[in-house]
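The structure appears right after this line, and notes come after that.
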Amino acid sequence: MPAPPTAFVSPPTATFAAFAERADYSLLDSLHADPQASGDGHDHQPRQVFSGHYVPVTPTPLPAPEYVAHSTSLFNELGLSDGLVDDDHFRRLFSGDISVACEPMRPVGWATGYALSIYGTEYTQQCPFGTGNGYGDGRAIAVFEGLFKGKRWEMQLKGGGPTPYCRGADGRAVLRSSVREFLAQEFMHALGVPSSRSLTLYVSRSETVRRPWYAPNSRSFDPDILVDNPAAITTRVAPSFLRVGQLELFARRARSHAHPGALNELRMIVAHLIERNYRPEIDPSLDFSDQVIALAGLFRQRLIALVANWLRVGYCQGNFNSDNCAAAGFTLDYGPFGFCELFDPRFQPWTGGGEHFCWFNQPVAAEANYQMFWAAIRLLLADNTEALARLDQLREGFSEAMGQGIEAMWASKLGLIRYDAALVNELLELMVLSKVDYTIFFRKLSAIPEQLSSLKESFYLPSSEQLDAQWQSWLQRWRARITGCNETQLTSEAVKSIAMISAAMKRINPHYTWREWLIAPAYQQAAQADTSLIKELQQVFSHPYDEQSAELEAKYNRLKPQQFFNAGGVSHYSCSS
């Protein structure tokens, strides 16, 4: 018989001209530009933006940009050749020089405005004009939107220079925060947590920006020195960068009748959100009101799953306002984020965050953001009583649905078929008492040990006999739950089941986590033109569920050393970036 035909695989995109051919600007083509914007994009001073979905703006190039890193994984997903990072035009575009754009690319980028609410309370104080018309992308400038392997992606420069929303700042990002965001986005993706992605990272050795930060060995809560940092640009990539805060902005304008087209601009951006991020799941033949209801239901599902995943891997967003909440339901804006090491439900790495944005309060913050999403799209259903009732039902059921999502997450981390509140709550209490390392503990537990000794390798403090007895009792009851029998009655089938449950738990509980004290040396060395640690972290973070070499294991899978507790810039940090 003849061999079956092989599927044709197009070669990787290897030239800038071929990359440019991927351009397809749905946002610019379907939404309104600010009517007061300059046509050439030279719009870099703070000003009020009263209408329109975006402002055309050109990024500010980094002088003498140098390559730091790129994501081989994302390049492969997009069908790009790794050699593109050496292309002069490609490097210039993603270090802020959009003058290299060639057709069908557009010669300007764009920035968007959005509103801010914190726990459901509307704020305008962050706007220099006190109106909310000056709040938005202050240093994030999108420069490309296109189709890659049939999927739409938007590419945005973080640190691309000032925009009308810069509020008087310089629009730059420092190398430190750029390295953190670059690594974190790809790490989250490898963990299986929906996230924006990282394309490239470039730095300038000739441009520096001054930011408050921490002195070496500082124990200060707030930054205690000013530091000159190399300016950098990281390119983050997502199907879109639409935020709950954007919908909220247009809803605010519609409610106040800010201009005659305000309600239509809200409708347009909601329709664009559906088209960009939900179209495969929402039938375009449905009435628009039905599409809006479907959107509300799907966003609720995604938001709940996202927060459950954050808790699962120990991630804390730190500042989960509506403007930091992607309307497509993925992780966005890696500023004051962190990963929990020493288990503490109140973990909060950001000095400006407070307990309301701590790790275990993220479900509540998510509900507040959903409240603002619901309130915004509700305006589009004002004349449809039946649709409003369905939308309100989704809002009213959010808390219960979130609770179910969190319970399912704990059950999966523990290898349980069904959630057991008593078992989980007792475990969390024991984890607090023993001061366990969150990631190491659950990975050790994934081996389903019979004795406590291996679990104690995750404890930061010595354990007492009384506490050991409580642990052993819990361990026996947990093993009985997952095996369905007592230790003395283990059958061969139960032993096989334990092996299968263990393997499943290891797919849920990562082997490696983000440890800030291991990240800091990477960006410190990168400032001296040594990127070897960044490359090493890329390797470790690309396979976080797999045990790696003995050398990497000894370095990255260990408890936090004592000197890094309460260390400024490591255990806690400001949002200066």
Suppose we keep only residues that are out of contact with any Pro (no Cβ under 7 Å at 6 or more places or on another chain) and open to solvent by 30 Å² or more (accessible area, probe 1.4 Å) within the range 226-244. Which one would you say is nearest to Ser117 (Cα to Cα)? Pro239
It is to be established whether one or more residues within the range 248-270 are within 19 Å of the chain's Cα centre (by Cα) and not aromatic (Phe, Trp, Tyr). no
Within 29 Å of Ala520 (Cβ to Cβ), open to solvent by less than 10 Å² (accessible area, probe 1.4 Å), of a type in the set (Val, Ile, Thr) and in contact (Cβ under 8 Å) with a residue 12 or more places away in the chain, is that true of Val179? yes
Number of positions in the range 62-100 that are open to solvent by 50 Å² or more (accessible area, probe 1.4 Å) and of a type in the set (S, T, N, Q): 4
Criterion: of a type in the set (Phe, Trp, Tyr), under 26 Å from the mean Cα position of the chain (by Cα) and more than 29 Å from Cys325 (Cβ to Cβ) - qualifying residue of Phe441, Phe343, Phe360: Phe441
Of all residues being touching a residue at least 40 places away in the same chain (Cβ under 8 Å) and among the basic types (Lys, Arg) in the range 515-557, which is nearest to Asp437 (Cα to Cα)? Just the residue, please. Arg515
Sole miss for Tyr315 among (1) buried (at least 23 other Cβ atoms within 10 Å of the Cβ); (2) touching an Asp or Glu at 6+ places or on another chain (Cβ under 8 Å); (3) within 20 Å of Glu355 (Cβ to Cβ) is condition (2)
Which residues, counting only those in the range 381-424, are open to solvent by 50 Å² or more (accessible area, probe 1.4 Å) and either touching a Lys or Arg at 6+ places or on another chain (Cβ under 6 Å) or closer than 19 Å to Met505 by Cβ (or both)? Glu407, Ala408, Ile417, Arg418, Tyr419
In the range 26-61, the residues that are of a type in the set (Phe, Trp, Tyr) and open to solvent by less than 40 Å² (accessible area, probe 1.4 Å): Tyr54
Here are the criteria: (1) free of Cβ contacts under 8 Å to residues at least 24 places away in the same chain; (2) touching a Gly at 6+ places or on another chain (Cβ under 8 Å); (3) of a type in the set (D, E, K, R). Tell me which single one Asp224 does not satisfy. (1)
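The values are calculated or read from the model by the stated rules, or taken from the named source; none is laboratory data. No experiment lies behind these values; they were computed from the predicted model shown. When we count neighbours, we look across all protein chains shown, and the Cβ atoms used for this are built from the backbone with ideal geometry, even at glycine. With ligands, DNA and RNA removed, areas are computed over all heavy atoms of the protein, side chains included. Shrake-Rupley method; radii C 1.70, N 1.55, O 1.52, S 1.80 Å.
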